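*Asks:* To start, I am sharing the structure in question, which I have written as structure tokens.
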Amino acid sequence: MARTFNVVTYGCQMNAHDSERIAGLLEAAGYRAAPDPDAADVVVFNTCAVRENADNRLYGNLGHLRPAKLARPGMQIAVGGCLAQKDRGEIIERAPWVDVVFGTHNIGSLPALLERARHNEQAQAEILESLEVFPSTLPARRESAYSGWVSISVGCNNTCTFCIVPSLRGREKDRRPGDVLAEVRALAAEGVLEVTLLGQNVNSYGVEFGDRYAFGKLLRACGGIEGLERVRFTSPHPKDFTDDVIDAMAQTPNVCHQLHMPLQSGSDAVLRAMRRSYRRERYLGILEKVRAAMPDAAVTTDIIVGFPGETEADFEQTLDLVRAARFAGAFTFQYSKRPGTPASTMDGQVPKEVVQQRYDRLVALLEEVTLEQNQRLVGQRVEVLVAVGEGRKDASTGRLSGRARDGRLVHFTGADRPGIRPGDIVETVVTYAAPHHLTADGSPLSHRRTRAGDAHEAGHTPRTPGVFLGMPAVK
Ligand code: SF4
């Protein structure tokens with residue numbers, strides 16, 4: 001009987017995509033996804049190290065698994081991702097029932113490490129300082145039949161003072177455009193309608209191989225891929241954002257007019273202390289150009305409140321920029337100390353109650369701004385890629401949900417159009433706006449069944465074969 005596995009993912013899109021590679025690797029090594037995750041023979045935690053409570057959550061979950069492991073000695077537990085890259089062997093010291101610890105640079109080693117731990121009956125920790133193979137060369141078991149992640153680079157050359165990513169994911173390494181486009185074509189050939197190009201900083205893509213404008217060219221090249229209806233990307237960086245990217249977005253029909261551009265703070269003094277290498281004027285300037293080229297563009301962002309040294313006046317600058325930027329949405333964070341980052345030892349750590357109070361004010365303002373933005377869409381037609389897991393109340397309301405081309409979440413009634421499946425495309429008219437979503441209560445104007453919808457209905461998700469199917473040579 002093939003051994004079964006379950007992958008538990010924490011953190012960002014890069015981790016979500018790495019988990020697809022981990023699942024693809026284990027399938028290629030003869031394992032199969034566990035029908036019942038709680039009964040899996042192998043449990044893999046793909047961890048995140050960005051937030052303060054990331055550690056507590058992992059060790060908490062490992063603690064929960066200990067009794068199951070004691071009851072089933074053949075069961076194996078593996079820990080990978082950013083927290084594994086940071087804590088290394090310490091994970092086995094703190095949780096000796098863990099069998100394998102692997103890092104962000106050697107995902108491909110997992111099957112061999114599991115076998116070695118089982119054969120030697122001894123826990124294995126293997127962490128590399130630099131990339132073993134590009135994760136995108138590994139096989140992937142995709143989560144979705146209609147939407148796919150495609151990495152264009154790993155690592156980051158920036159040194160934002162609050163961020164631990166560069167020390168855990170290394171310096172930026174870019175994939176060749178041909179490799180990226182081959183993977184996008186392979187997904188589109190399987191019926192995938194939407195791809196999201198992934199990188200810690202997509203705007204510096206190509207610098208490593210000497211082409212400063214490679215990212216804009218990549219977006220344009222995606223325009224020529226048959227069957228590919230939607231192209232998105234994350235994360236851009238305001239300091240490297242160039243006009244050719246705005247032109248490529250505006251002039252390439254399948255590139256969505258959606259931009260998630262982290263701001264972090266609206267205060268130049270705080271941006272300087274964060275070492276973000278841009279100022280509020282440049283940020284607003286980019287938005288102005290984006291909106292001139294794409295008036296319908298939806299812009300979302302990330303904002304950190306309570307960075308060390310942030311004064312009330314600095315915070316007011318952030319609120320002021322939020323009003324000026326007219327964001328369609330934002331991920332908001334209370335500053336969280338990360339040991340090993342420069343900011344964690346900075347003077348002027350802001351008291352928790354002040355951070356909380358500012359956070360609440362920011363969230364309240366964002367609710368106002370995003371509601372006002374969404375209300376402008378009431379009465380407008382929107383094209384929705386129907387998705388699973390986007391509508392918490394769908395079951396109780398009989399609604400379906402999905403994303404509009406600009407990334408907005410849309411809940412719509414489809415009751416009178418039976419047969420609408422995730423992966424299909426519907427056109428409908430917005431009847432109501434809320435701060436975080438749109439609703440379309442009328443009957444959809446059209447419903448297009450797609451290959452992705454067929455695949456989803458058949459329970460099939462794409463398998464992208466890696467070019468690295470053998471077991472890595474164990475060093
Ligand atoms: S750009 Fe800054 S915040 Fe983003 S991953 Fe790089 S160092 Fe971290």
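*Asks:* Of all beta bridges DSSP finds with both residues in the chain, what is the antiparallel percent, to the nearest 5?
*Replies:* On the way: 23 of 65 bridges.
Taking every DSSP beta bridge with both residues in the chain, the antiparallel ones total about 35 percent.
*Asks:* So for the chain, if I pair up every lysine 8 or more residues apart or on another chain, how many of those pairs have alpha-carbons under 19 Å apart? Please list the in-between numbers first.
*Replies:* Working: Lys86/Lys337; Lys173/Lys217; Lys173/Lys239; Lys217/Lys239; Lys217/Lys289; Lys239/Lys289; Lys337/Lys352.
Total qualifying Lys-Lys pairs in the chain comes to 7.
*Asks:* Report, in debye and to the nearest 20, how large the dipole of the stretch 4-132 comes out about its Cα centre when Lys and Arg carry +1 and Asp and Glu carry -1 on their Cβ. Kindly include the intermediate steps, with their values, before the conclusion.
*Replies:* Working: 12 positive and 17 negative charges, 47 e Å.
Roughly 220 debye, rounded to the nearest 20.
*Asks:* Something else now. Given labels modelled 7 Å from the Cα in the Cβ direction, how far is it in nm from Leu70 to Glu367?
*Replies:* 4.6 nm
*Asks:* With every atom except the alpha carbons ignored, what do you get for Rg and Dmax of the stretch 67-163, in angstroms?
*Replies:* Every Cα atom of the stretch 67-163 included, Rg and Dmax give 15.6, 46 Å.
*Asks:* Another question, then. Taking the Cα centre of the chain as origin, sum charge times position over the Cβ atoms of Lys and Arg (+1) and Asp and Glu (-1), and report the length of that vector in debye to the nearest 20. It would help to have the intermediate numbers written out before the result.
*Replies:* On the way: 57 positive and 58 negative charges, 71 e Å.
Dipole magnitude for the chain comes out near 340 debye.
*Asks:* Between Ala458 and Ala186, what length comes free when the chain is fully extended (0.36 nm per residue of separation minus the Cα-Cα distance, one decimal in nm)? Mind showing how you got there, number by number?
*Replies:* Working: separation 272, 0.36 × 272 = 97.92 nm, distance 1.93 nm.
The Ala458-Ala186 span can extend by a further 96.0 nm.
*Asks:* Right, something else. Quick one, what does Rg over Rh come out to for the stretch 181-263 if you take C-alpha atoms and the Kirkwood Rh?
*Replies:* Working: Rg = 12.2 Å, Rh = 12.9 Å.
A ratio of 0.95.
*Asks:* Accessible area per residue for the stretch 381-458 in Å², computed with a 1.4 Å probe and the full protein assembly in place, what is it?
*Replies:* Values: 3700 Å² over 78 residues.
Heavy-atom SASA per residue in the stretch 381-458 reads 47 Å².
*Asks:* Ordering Phe134, Phe412 by how much accessible area each has at a 1.4 Å probe, largest first, what is the list? It would help to have the intermediate numbers written out before the result.
*Replies:* Numbers: Phe134 35, Phe412 0 Å².
Result, largest first: Phe134, Phe412.
*Asks:* Search the structure for amide H atoms under 5 Å from the amide H of Val8, placed 1.01 Å from N in the peptide plane, and list their residues when 5 or more places away or on another chain.
*Replies:* For Val8, the qualifying residues are Val44, Phe45, Asn46.
*Asks:* To continue, here is another question. Just the accessible area per residue of the stretch 1-58, please: how many Å² with a 1.4 Å probe? Walk me through the numbers on the way to the answer.
*Replies:* Values: 2280 Å² over 58 residues.
I get 39 Å² per residue for this part.
*Asks:* Hey, another quick one. Full-extension gain between Glu129 and Ser446, please, as 0.36 nm times their residue separation minus the C-alpha to C-alpha distance. Don't skip to the answer; put the middle values down first.
*Replies:* Numbers: separation 317, 0.36 × 317 = 114.12 nm, distance 5.21 nm.
Taking Glu129 through Ser446 to full extension adds about 108.9 nm, to one decimal.
*Asks:* Moving to a separate point now. Which Cys residues of the chain have no other Cys Cβ less than 4.7 Å away and so no disulfide-compatible partner by this rule?
*Replies:* Cys12, Cys48, Cys82, Cys156, Cys222, Cys256, each lacking another Cys Cβ under 4.7 Å.
*Asks:* Using a basic spin-label model with each label point 7 Å from the Cα along Cα→Cβ, how many nm lie between Arg417 and Tyr59?
*Replies:* 5.2 nm
*Asks:* Go ahead and run the numbers for FRET between Asp302 and Arg118, Cβ-Cβ distance against an R0 of 30 Å, rounding to 0.05. Don't jump to the answer; show the numbers that get you there.
*Replies:* Values: r = 41 Å, r/R0 = 1.37.
Once rounded, the FRET efficiency stands at 0.15.
*Asks:* Among Ala123, Val7, Gln357, whose Cα sits farthest toward the positive end of the charge dipole of the chain (+1 at Cβ of Lys/Arg, -1 at Cβ of Asp/Glu, about the Cα centre)?
*Replies:* It is Ala123, whose Cα lies furthest towards the positive end.
*Asks:* Could you list which residues have their amide H under 5 Å from that of Leu438, counting only those 5 or more apart in sequence or on another chain, with H placed in the peptide plane?
*Replies:* Amide H neighbours of Leu438: Leu409, Val410, His411.
*Asks:* How far apart, in nm, are the 7 Å Cα→Cβ label points at Arg272 and Thr431?
*Replies:* Roughly 5.4 nm, to one decimal.
*Asks:* For the stretch 4-132, what is the largest minus smallest coordinate of the Cα atoms on each principal axis, given in angstrom and ordered from greatest to least?
*Replies:* Principal-axis extents of the stretch 4-132 (Cα, largest first): 32, 29, 28 Å.
*Asks:* Just subtract the alpha-carbon distance of Thr345 and Arg212 from 0.36 nm times their residue separation and send over the number in nm, one decimal.
*Replies:* Details: separation 133, 0.36 × 133 = 47.88 nm, distance 3.49 nm.
That pair, Thr345 and Arg212, stretches by 44.4 nm at full extension.
*Asks:* Would you compute, for the Cα atoms of the stretch 135-375, the largest minus smallest coordinate along each principal axis and list the three values in descending order, in whole Å?
*Replies:* Result, largest extent first: 53, 42, 33 Å.
*Asks:* Another question about this same structure. At a 1.4 Å probe radius, carbon and sulfur cover how many percent of the accessible area of the chain? Write out the running numbers ahead of the final one.
*Replies:* Numbers: 10480 of 19930 Å².
On the chain, the fraction of accessible area on carbon and sulfur atoms equals 53 percent.
*Asks:* Residue-wise, which Karplus ³J(HN,Hα) couplings in Hz belong to the stretch 441-457, taking 6.51 cos²θ - 1.76 cosθ + 1.60, θ = phi - 60°, and x for glycine or proline?
*Replies:* In residue order, the calculated couplings are 8, x, 6, x, 6, 8, 9, 10, 6, 10, 4, 5, x, 4, 4, 4, 4 Hz.
*Asks:* Grab the eigenvalues of the alpha-carbon gyration tensor for the chain, scale each by 5, take roots, and send me the semi-axes largest first in whole angstrom.
*Replies:* Details: eigenvalues 239, 173, 103 Å².
For the chain, the ellipsoid semi-axes come out as 35, 29, 23 Å.
The values are calculated or read from the model by the stated rules, or taken from the named source; none is laboratory data. All figures in this text were calculated on a predicted structure; none of them were measured in a lab. Here Cβ is always computed from backbone atoms with ideal geometry, including for glycine, and neighbour counts include all displayed protein chains. Side chains are part of the model used for accessible areas, which takes the heavy atoms of the whole protein and leaves out ligands, DNA and RNA. Shrake-Rupley method; radii C 1.70, N 1.55, O 1.52, S 1.80 Å.
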